[in-house]
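Heads up: the structure comes next, in C-alpha cells.
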Amino acid sequence: MLRRILLVVLLAPSLASVPVVSVLAEGELVAETPEGSEEEPSPEASPPAGDVARRLQLPETVVQADRPITAASSLIVRSRDFSLRPIRRPADILEVTPGLIVVQHAGGGKANQYYLRGFDADHGTDVALSFDGVPVNNPSHAHGQGYADANFVIPEVVERVEVDKGPYFLKHGDFATAGAVNLVTKRSAAENTASVSAGRFDLFRGVIVSGREIGPFETLFAVEGAGQNGPFDHPEHYNRYKLFSRAGYADGPWRADLSFTSYRGTWNASGQIPLRAVRAGELDRFGSIDPTEGGTSQRHQLYGRASWRPDEAQEASLLAYGVYYDVDIFSNFTFFARDPVNGDQIEQKDKRFFGGGEARYVRHVGVGGTDTAFTGAVGVRGDHIGEQLNYTIERDFLTRQTDHNVGQVNTFAYVGADTTWTPWLRTIVGLRFDDLHFDVDNNLNSTSAPDLTGQGVENDAIFSPKASIVLSPRENLEVFINYGEGFHSNDARGVVRDENPVDPSAKARGGELGVRTRLFDRLDLAAAFWLLDLDSEIVFVGDEGTTEPSGATRRIGGELEVRYQILDWLYFDVDYTQTVAKFRFEPDAADDVPLAPRFTVNGGVSARRDDGLFGSVRMRAISSRPANEDNSLRAAGYTVWDLQLGKRWELSSAWTGGRVKAVTVQLDIQNLFDHDYREAQFATDSRLRNEPNVVSDIDFTPGYPLTAIGSITVAF
C-alpha cells in the first residue's frame, strides 16, 4: 500500500485553486474562501495552495503574504465542515484531523487516548494540543507525560481546527513529534443560540452561545452544563460545567482580545477490564472490577492576544496566558497483583499553575523579484506543580508513595525565512531553540520509592532545524518536501532521579514528500509519504511512579485525503493512513511498537441543502495491531458508523416578533449498527482476586453501543 501511495505522490495530476490570505489577531496567516463566494470547496476540503505571483496581484485589502500551507499533510478545517459530524465530546472535533483516532480512556472526565502517525501518544506525549495557542499538554503530569485534557472545550465556540503533522513547523515545540492540533475559537457569534440535547444512558446537555459586535467591540459568551451515566453497570455520573467568555477590540492596525474559560467535571469510571474475564462470562463488558474508580478535574484560564499591523509588510503579535489546573484521579489497572488484600487502587493528584506567552514579529522584504517573510519569536512557559501518588482502597487513603514539588520552565525562540523565489519555487527554512529547566523537590525523603528519592536541578538545550521546499511544476500542482527535528520532554522526576536518570528529552527527526491538488473544481486530493525517527520512547509511568525504558523507533507511513463535491449540496470525503512502526535496534521477533495503528480510515457522505435539511453518514476504522513488542497480544481493530439527520427552519419575524430567527431539530445516532468493540486497549499484567498468579492479557474500555441523541437549537 505504501508503494501505491508513493506512486500517487509522484504521479498525481495537477490542478489547484488560489486562496485568499488574511491575517488573524494572533499573528497567524490562514487561507480562507472569500465571504459570499458562490464557489465554495467541499465541507471537509483544506485550503488548497495557489500561485504566489497571482496572489500578489490581488486587491489592496489582501495581505501580500506567503501561503500558510508548507506541507501536504497540513490543513485547516472550519466549523461548518465538522458541524455535520456527531459530537459527543470535545475530542470528536479533533478527529477531523486525518489519521487521528481519539478513544475513551477509563471514564468520561479523564483525558482521551490519542493515536496519530503510528504513535500511541497515550494522553498526549507525542501530539501537541493547544486552544487559541494556549498549550493543553501538561509536562511532568502525575498521570502521564504530556497529559492533554480537552474536556474543557465547548464545541460550539470553535471556528476552525489547524492541523500540522510532523516536526516541520517552527511554532511547535514540546510534544509536537507526531504533530500538533490547535483549536481556534470564534471572535463573535453569527447568531445567539440556545440548545438542549438528550439521549440514551441519561445523557443531557444544554448550551447557550451569545455574542455581539458594537462598533470596534466584539463579545462572545458560552456556557454548557452536561451529564451522562453511560452504558456501564455502575453509572458514570459524569457531570460538568463549562464557561467561555471573550471581549475584543479592533481599530485600524490594532486588534486585541481577552478571554476567560472555566471547567469542572466529576465522574465515576468502570475502568479497564480484563478480556479473559469477559470471555469466560465472569464479567459483563460494561461491568467493573473496581467500581470506585473515577475522579475530579478542573481548569480555569485567562489569556489575552494582541496584534499590530501598521502596513501589509509587517505584523507583530503577542499572546499571554495563565492557567490553574487541578485533577484527582482514582484508578486500578492491575486489580490485585500488588496487594491481594486491599487491591491495587491508586490516587494521582496534580495541582499546578502555569503561565507564559509568546511575542512574534513578521516582516516581508522584496528584493530582485523575490518576496521573503522573515519571522522571529521568543516565548516562555513555566509550570509550578504539586503532585502525589497514593495507594487507596475505595478512594480511602492507605499510604503515600510519592510527593513532589516540580518547577519546570521551557524558554524558546525561533527565526525563519519564507521565500518565494519564482512562481514555481518557494523555500521555508528556520531554526528553533528550546531550553528546558527542571527543579524537583522530594517531600517524602524516604526509601518507599527508590527510583524517585532523588531531587535536584537539570537543564537541557535543544536546537531544532526545519526546512521545506514547495514546488509548483504546473499551474495547479503543489509538491511539498519537508524536513524537521523536534522533541518531547521527559518527566522531571525521571530526569533528576538518583539511579539511572533518563535524558531530559527525546529527539525526533522526520521527512515528508507530498502533493496537494484540485480537479474539476470539485475534487481535492492530498497525498504524503513520510518517515519519522525517535531517539527514545522512554516515558515516565505515573501509574507506578517510575520510568519505563524503550529504545529508538522508526515509523514510515503514507496518507491519502479525498474530498469530492458530488452535487452542490452533497459531499464525500475519506482519509486513509497506513503506518509501519518498529524499534530500530531490537530483534525482528520483538520489534513491534505496542499499539501503533497499522491503518486508519475515516470518511463519509454529508449533505447540506438550501431548504435546511442536512445530514451525514460517517465511518471510522482502526486496524488490529500489536499490543506488545513480540505481537503475542493484539489489540482488536474496529469499524464504527455514525448517522446524523436534521433540519433548520427559518422563522418569519411576523410569527415570532423578531425574537426567534430559526429552529433546528437534529438526531445523532452513534454506533449505528450497535457494534461491540473495544475502544482503549492495553497489554497489562494483572491479577483477579480468584487468580493464583499475575496474568498478561488485554485490558480494555468498551466502546459505547448504539446511542441516539436528539437536539433542539433555537437561534435568536
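The values are calculated or read from the model by the stated rules, or taken from the named source; none is laboratory data. Keep in mind that what you see is a predicted model, and the values were worked out from it rather than measured. Reconstructed Cβ throughout: ideal geometry from the backbone, glycine too, with neighbour counts over all protein chains shown.
Data table
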| quantity | calculated |
| --- | --- |
| Top-ranked residue in segment 168-213 [being over 23 Å from the mean Cα position of the chain (by Cα) and part of a loop (DSSP other than H, G, I, E, B); ranked as surrounded by the fewest Cβ atoms within 10 Å (Cβ to Cβ)] | 190 |
| Among residues of segment 680-713, those that are among the aliphatic types (A, V, I, L, M), assigned to a strand (DSSP E or B) and under 30 Å from the mean Cα position of the chain (by Cα), counted | 6 |
| Yes/no for residue 239 being touching a Gly at 6+ places or on another chain (Cβ under 9 Å) and at pLDDT 95 or above | yes |
| Residue list for segment 102-126, restricted to those being closer than 17 Å to residue 555 by Cα and either outside any strand (DSSP E or B) or in contact with a Ser or Thr (Cβ under 7 Å, 6 or more places away or on another chain) (or both) | 117, 118, 121, 122, 125, 126 |
| Residue within segment 657-679 that is of a type in the set (Gly, Ala, Ser), assigned to a loop (DSSP other than H, G, I, E, B) and surrounded by fewer than 17 Cβ atoms within 10 Å (Cβ to Cβ) present | yes |
| Test: residue in segment 354-367 that is in contact with a Leu (Cβ under 6 Å, 6 or more places away or on another chain) and not aliphatic (A, V, I, L, M) | yes |
| Per-region count, segment 550-597, residues hydrophobic (A, V, I, L, M, F, W, C) and part of a loop (DSSP other than H, G, I, E, B) | 6 |
| Unmet criterion (only one of (1) touching a residue at least 40 places away in the same chain (Cβ under 8 Å); (2) surrounded by fewer than 18 Cβ atoms within 10 Å (Cβ to Cβ)) for residue 257 | (2) |
| Pairs with Cβ under 6 Å, 6+ apart, first in segment 338-359 and within 30 Å of residue 256 (Cβ to Cβ), second of a type in the set (Phe, Trp, Tyr) | 352/325; 353/324 |
| Pairs where the first residue, in segment 619-644, is of a type in the set (Phe, Trp, Tyr) and outside any strand (DSSP E or B) and the second is at pLDDT 95 or above and buried (at least 17 other Cβ atoms within 10 Å of the Cβ), C-beta under 7 Å, 6+ apart | none |
| Search result, residues across segment 312-332 that are within 30 Å of residue 273 (Cβ to Cβ) and in contact with a Gly (Cβ under 8 Å, 6 or more places away or on another chain) | 327, 328, 329, 330, 331, 332 |
| Any hit, segment 598-607, residues being outside any strand (DSSP E or B) and in contact with a Ser or Thr (Cβ under 9 Å, 6 or more places away or on another chain) | yes |
| Which numbered condition residue 202 fails, given (1) more than 30 Å from residue 284 (Cβ to Cβ); (2) modelled with pLDDT of 95 or more | (1) |
| Condition met for residue 617 (among the β-branched types (Val, Ile, Thr) and at pLDDT below 95) | no |
| Residue match in segment 278-293 (condition: in a strand (DSSP E or B) and within 26 Å of the chain's Cα centre (by Cα)) | yes |
| Boolean, residue 588 is at pLDDT below 95, over 30 Å from residue 713 (Cα atoms), surrounded by fewer than 20 Cβ atoms within 10 Å (Cβ to Cβ) and of a type in the set (D, E, K, R) | yes |
| Residue list for segment 409-427, filter: over 30 Å from residue 498 (Cβ atoms), among the aliphatic types (A, V, I, L, M) and under 25 Å from the mean Cα position of the chain (by Cα) | 413 |
| Residue, modelled with the highest pLDDT, within segment 537-585, restricted to residues that are of a type in the set (Gly, Ala, Ser) and over 19 Å from residue 514 (Cβ atoms) | 581 |
| Segment 468-491 - residue that is outside any strand (DSSP E or B) and under 23 Å from the mean Cα position of the chain (by Cα) and, of those, farthest from residue 517 (Cα to Cα) | 491 |
| Among (1) out of contact with any His (no Cβ under 7 Å at 6 or more places or on another chain); (2) at pLDDT below 90; (3) buried (at least 22 other Cβ atoms within 10 Å of the Cβ), the one test that residue 113 misses | (1) |
| Whichever residue in segment 563-585 is β-branched (Val, Ile, Thr) and either surrounded by 19 or more Cβ atoms within 10 Å (Cβ to Cβ) or touching a helix residue (DSSP H, G or I) at 6+ places or on another chain (Cβ under 6 Å) (or both) and, among such residues, is nearest to residue 508 (Cα to Cα) | 579 |
| Of all residues making up segment 635-656, the number that are more than 25 Å from residue 192 (Cα to Cα) and surrounded by 15 or more Cβ atoms within 10 Å (Cβ to Cβ) | 8 |
| Count of segment 144-167 residues which are in a strand (DSSP E or B) and among the β-branched types (Val, Ile, Thr) | 3 |
| Where residue 269 falls short, out of the listed (1) touching a residue at least 60 places away in the same chain (Cβ under 8 Å); (2) surrounded by fewer than 22 Cβ atoms within 10 Å (Cβ to Cβ); (3) touching a Gly at 6+ places or on another chain (Cβ under 6 Å); (4) among the small types (Gly, Ala, Ser) | (2) |
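Residue-by-condition table, conditions (1) modelled with pLDDT under 95; (2) within 23 Å of residue 321 (Cβ to Cβ); (3) of a type in the set (Phe, Trp, Tyr):
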{"site": "360", "(1), (2), (3)": "no, yes, no"}
{"site": "366", "(1), (2), (3)": "yes, no, no"}
{"site": "370", "(1), (2), (3)": "yes, no, no"}
{"site": "417", "(1), (2), (3)": "no, no, no"}
